[in-house]
Amino acid sequence: MALLGGTISGMRGEEILTSHRVIPLLRDGGGWTTTITIVNLSAQSDSYELQFRTGFSQPWPVTAQPAALQGTLPPGAIATIQTPGKPDSAAKGLAILTSLRGGRLGARAVLRHSDGRPPLIVPLSPEREDRTTLPFDNTNGASTSVLWVSETPFTMVDFTFLGEDGVEIESGQFQFSARDMASQDEFALTERFPSLRNRRGVMRIGASYPNAGIYDDLFFTAVAIQSEPGNSPTIIPSMATANWRASRH
């Protein structure tokens, strides 16, 4: 992986909180490369660690060893990390960003394919979103996919789909498999939920951790990937309505 440095000033964009620590989707290989930009948003120098993951606590194989990068950034400085673009089949992973000095760091990933399609931009997401809403649109040839990320197999997801009129279409539960230790689950909504075909509305998600211990990471975040006919896919961040509190499992 290549690590470059530089400085920028006057950056403007979404509000970044200290709880924003997860880049939920990275791809490399099979024509894909991912470029990650880390920004020091604090007024003081800050040190960062970027950990790469695939599966449950498993290093992402496309990274250099060890599967974490560290560095120090002056105020307003950036670090740019690019995956090597291996020629074999595509690998999928995620990254966890940590400030080692308690500062505020911003980041985003840009996923590019060698066929020249427009890039997919993935923002930094909160590490914990216990209640969140994602819009979906599966009408007129459009398609919404969902990417759920959890770093513990004990995450239980309650979901409810509402139509445009706010009336419930379907509800149920999803649990990350303790057998497979899955940390990412990406799927088209209509493949798993046929009732959402030719419908648009919102998906409400509530996460809980009924069998988790106090030392589990308890990461959970979700984004939607919206595809429109004739356009490249776009990432739709979640609309969080409640975040984790230290006393809650």
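Of note:
- Sorting V110, V122 by the number of Cβ atoms found within 10 Å of their own Cβ, with the fewest placed first, yields V110, V122.
- Contact order normalised by residue count of region 131-242, Cα under 8 Å, 6+ apart, percent: 43 percent
- Residue exposure sequence - R108, R27 - by fewest surrounding Cβ within 10 Å: R108, R27
- Over all pairs of different C-alpha atoms in region 65-220, the reciprocal of the mean inverse distance, the Kirkwood hydrodynamic radius, equals 18.4 Å.
- Full-extension gain in nm, R101 to S47, via 0.36 nm per residue minus C-alpha separation: 18.8 nm
- Counting only Cα atoms, region 131-242 measures 45, 30, 25 Å along its principal axes, largest extent leading.
- Least to most buried among S195, S99 (fewest other Cβ within 10 Å first): S195, S99
- Across all C-alpha atoms in region 78-142, the radius of gyration and Dmax reach 16.0, 48 Å.
Read the figures in this text as sums done on the coordinates, not as results from a lab. For clarity, every value in this text was computed on a predicted model and none was experimentally measured. Backbone-built Cβ (ideal geometry, glycine too); neighbour counts: all protein chains shown.
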